[in-house]
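> Below you will find the structure I want to go over with you.
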Amino acid sequence: MKKRDIPSADVPAVRVAGLKKKYPRAAEYAVGGISFEVQRGEIVGLLGHNGAGKSTTLKCLTGMLPYREGEISIFGNPVKGDATAAKMCFGFVTDDHAVFSKMTGLEYIAFMADVYGVPKDVRESRVEELQKCFNLGDKIDNLISSYSHGMKQKICMMSSLIHDPALWILDEPMLGLDPTTMNAVSEFMRAYAEKGGAVLFSTHNLDAVRRICDRAMVIRGGLIEADMSVKGIGDGELPERFFLRGGEVEE
Amino acid sequence: MILRTAGILLKKEAREFRRDLTGSGKSSDIPGKLLSLALAAAIVAFTCFVLKRFAEMYVDIEINRVSAPYSRLYELTTAIYAVLILVNALGGVRTINRSIFGSGDLRIFVTLPVSSGAMYLSKIAVAYLKQFVFGFFTVLPVNVTLATCLPLGAQFYGMTALILVLMPLISLAVGSVFALPVYALTRAISSRYVISLVVATAVTGVAFWLYSEVLDFIANLISTGDARYFFDAETMREIARVTNNLFPASCFADMLLTSDMPAGVGWVLLLTAGLTAAGALIGRLMLIPAAQDRLFSLNSRHVYKGHGMPAPRSVFLTFMKKEFVQVLRTPSYAFRYFSTAIIMPLMVYFCMDIFSELVGMLVLVDCDLEIAVFLIVMFGILTNTYCAGNISRDGEFFFTMKTLPVNYRTVIGAKVAFCFIGSAIPTAVSAGLVGGLGYVEPWQAVYLLFVTLAVSAAQICFATRRDLGHPRFVVAESASAEEGDSTVSVLVIIGLLVSVVIGVVALYDGIYLKLTYGEAYGETASVASVAVIAVALLAASLVYLFVGLDKKYREVSGGAA
């Protein structure tokens, strides 16, 4: 496996400081100056309405989008400039299942394993392990272009985990998943965090946040409006506090 | 109700057709349209030129010393119309297939209260306009050329106008009848990537070979005067017998040239009506449901069992393999990458044969090296258009790659290297062929290889950088996804200019300087000047590609916010 530069435990998995992002020709900032940290062993949900800035934040974090203002580091490795060291530390699942659809599922996982330098014996046992959770079965030998929405989501998740990353970033991971897989993913996230991995995901699914997350950040208009612990929170508390405005259900 | 719905759909189709034609859409490719128009005009002009020379020779043929120019013209017209009907029918099948099976908006219409009859009617109306344009570029120039051989009256011109109106109907009707079996066949073949590649390459190669042979045959007949011996009395009687019975092409000749015009018109109208009825019935009952079926089913073989987890590779090789898989599993890319590369040496060989003889006869100087430089550079550029979509081809996956721990040099380098392999092999084969056949010396073949590879590499670097600057990411997951950008046209236009400059410089040095200052001086000047141009192009394109590449790569953004 390629070398991963993960420093001592006091360095957070994710550190974002004063991140601002404005799209070309846009009048307003999509992300207007946010700061937060994600610690190891923590599952953090990024909640927000459509266009709130969740995906933009995650895309800046993963190097997909360039940004000029603010700092982002993954396990102390900067994302600005050559972010290869930072990128070795995480696996990312995009919201649009942007995979290479001309490959079969297994070929795609092998592609990702090659990119992350995962040795042959490790990748085989890892695929077996991931198959138990995501259960693609024989479909793993099919072309990805023939996959359903949920199957594409599964292959994205499997390939993002092939190198056993220390940080798992997911953009709207629960969309399109059947209840069984959603439950399996939730359990996988918990087990992953208990082993010391950090998880950061964006979602609209309040139930998923309540069940899985240790912490939730609510983002609105490109700014973090709330950053709270979810542990011990009562049923229905999050929606009432942050998604109901003036008696209207916005979510 | 059907007509009202069809009218609404037709308005939409007409708006899209107008936007496509005028280039007012965002994705319009003006250079591409101009290039296509210029190429079509050149092909039509060349074909008409050859046809005119042949027709003039043919109408003068005497049988037993008796001249019958109008009978000869009738035979020629019948033969030409047989070809025209075939060409237009093939065009009709293609247009129907594209209009119905390639239509994305059917996905929306099937959920709306729109009947298959209305959908077919709206699609066929626009298809008619397209076929009319196609007929305008095929039927009209041929008729005008025939009219220059012998004096022809108002009947000829009036019937030409009628044929222009009827030919698209006939071609679309034939297209509707055959669209489904052709679609089923292409779909069956396209799911076998290697087989479809072999078939496409073989068909293109054979078509090119046939075209060259026919041209060569006609040129020989005209230039050597062999026509008199070839078209002897017995052959001419056989030709007359065949053309008289060549239905329905003979009906068109009757319409245009003989007093049997009413019978000819009657037969053609009957044929048009019958075929149109059959086409409409098949189109309405079968084509639209088949297209719906295609929309929601898999388009290709999609299971690759038994391979297991592949052995680990280096990151660079992994990215090269990704490019290879993309080419192999997308028929249109496979054709552009492999087939054109296989055909390129053939094209060089045929043209080298013709040009070498022609220039040798004209200037009495051996310019084979200069001709080879020009031909290999030109065909290399024309066949190497695959690199134009180097970035766009990845679609949204390009952004996923940006999240991977891979240097931009690896991503771009793998693309450039993969294209270069596809370009280098046919270039090397072409240079080897020219050397092996004795047109140039062995050292000259090596020089040819060096020069043409430098130009190819320059083209790939330029195209990749331009595509990075103006990416139009492929969104479709169809097996024949294509880039909608003008990069291909710009690349071909610039490439043609470069090849013309290199060709002119090489031939100027090769002819003028050899004649003025002697063989050795001319050859040295030719070799040196072309080498300097090639190296300069390569250096400039490398600078263009690599300066600021890191920044440009990072700044390419897309996807939803």
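The values are calculated or read from the model by the stated rules, or taken from the named source; none is laboratory data. It should be emphasised that the depicted structure is a prediction, and the values quoted were computed from it without experimental measurement. Note that we place each Cβ from the backbone using ideal geometry, even for glycine, and neighbour counts take in every protein chain shown.
> Restricting to region A:161-179, name every residue that is touching a residue at least 12 places away in the same chain (Cβ under 8 Å) and in a helix (DSSP H, G or I).
Within region A:161-179, just A:L161 meets the criteria.
> Moving on to the next point. For region A:63-75: of the residues being more than 14 Å from chain B (Cβ to nearest Cβ) and touching a Leu at 6+ places or on another chain (Cβ under 8 Å), which is nearest to A:L167 (Cα to Cα)?
A:E71
> Further, regarding this structure: Of A:L167, A:L143, A:L106, which residue is within 13 Å of chain B (Cβ to nearest Cβ), crowded, with 21+ Cβ neighbours inside 10 Å and over 21 Å from B:T318 (Cα atoms)?
Matching residue, one of A:L167, A:L143, A:L106: A:L167.
> What is the residue count in region B:392-416 for residues that are assigned to a loop (DSSP other than H, G, I, E, B) and away from chain A (no Cβ under 14 Å)?
Going through region B:392-416 one residue at a time, the tally reaches 0.
> Right, another one. Can you tell me which residues in region A:50-62 are within 15 Å of the chain's Cα centre (by Cα) and either more than 17 Å from A:A166 (Cα to Cα) or surrounded by fewer than 24 Cβ atoms within 10 Å (Cβ to Cβ) (or both)?
Listed by number, the residues that qualify are A:G53, A:K54, A:S55, A:T56, A:T57, A:K59, A:C60.
Let's see how each residue does on (1) within 25 Å of the chain's Cα centre (by Cα); (2) surrounded by 13 or more Cβ atoms within 10 Å (Cβ to Cβ); (3) hydroxyl-bearing (S, T, Y):
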position: B:A161; (1), (2), (3): no, no, no
position: B:L164; (1), (2), (3): yes, yes, no
position: B:G175; (1), (2), (3): yes, yes, no
position: B:T186; (1), (2), (3): yes, yes, yes
position: B:G205; (1), (2), (3): yes, yes, no
position: B:E213; (1), (2), (3): yes, no, no
position: B:I218; (1), (2), (3): yes, yes, no
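> Let me ask you something else. So for region B:531-551 (the condition being touching a helix residue (DSSP H, G or I) at 6+ places or on another chain (Cβ under 7 Å), more than 29 Å from B:R393 (Cα to Cα) and at pLDDT 80 or above), does at least one residue qualify?
yes
> Looking for something in contact with a strand residue (DSSP E or B) (Cβ under 8 Å, 6 or more places away or on another chain), of a type outside the set (A, V, I, L, M), within 25 Å of A:A13 (Cβ to Cβ) and surrounded by 22 or more Cβ atoms within 10 Å (Cβ to Cβ) - is there at least one such residue anywhere in region A:173-182?
Checked region A:173-182: at least one residue is in contact with a strand residue (DSSP E or B) (Cβ under 8 Å, 6 or more places away or on another chain), of a type outside the set (A, V, I, L, M), within 25 Å of A:A13 (Cβ to Cβ) and surrounded by 22 or more Cβ atoms within 10 Å (Cβ to Cβ).
> Let me ask another. Give me the residue from region A:115-130 that is surrounded by fewer than 17 Cβ atoms within 10 Å (Cβ to Cβ) and in a helix (DSSP H, G or I) and, out of that set, nearest to the chain's Cα centre (by Cα).
A:E129
> Right, something else. So, in region B:243-263, exactly how many residues are closer than 11 Å to B:E75 by Cβ and within 32 Å of the chain's Cα centre (by Cα)?
Of the residues in region B:243-263, 5 are closer than 11 Å to B:E75 by Cβ and within 32 Å of the chain's Cα centre (by Cα).
> Related question: If the Cβ limit is 9 Å and pairs must be 6+ apart or interchain, which residue in region B:512-524 that is closer than 13 Å to B:L364 by Cα pairs with which residue that is at pLDDT 80 or above and aromatic (F, W, Y)?
Pairs found: B:K514/B:Y521.
> Taking the residues in region B:310-360 that are within 14 Å of chain A (Cβ to nearest Cβ) and of a type in the set (A, V, I, L, M) as candidates, determine which candidate is surrounded by the fewest Cβ atoms within 10 Å (Cβ to Cβ).
Among those that are within 14 Å of chain A (Cβ to nearest Cβ) and of a type in the set (A, V, I, L, M), it is B:A311.
> Just to check your reading of the model, which residue among A:M112, A:M158, A:M151 is of a type outside the set (G, A, S), in a helix (DSSP H, G or I), buried (at least 20 other Cβ atoms within 10 Å of the Cβ) and within 9 Å of chain B (Cβ to nearest Cβ)?
Going through A:M112, A:M158, A:M151 in turn, the sole match is A:M112.
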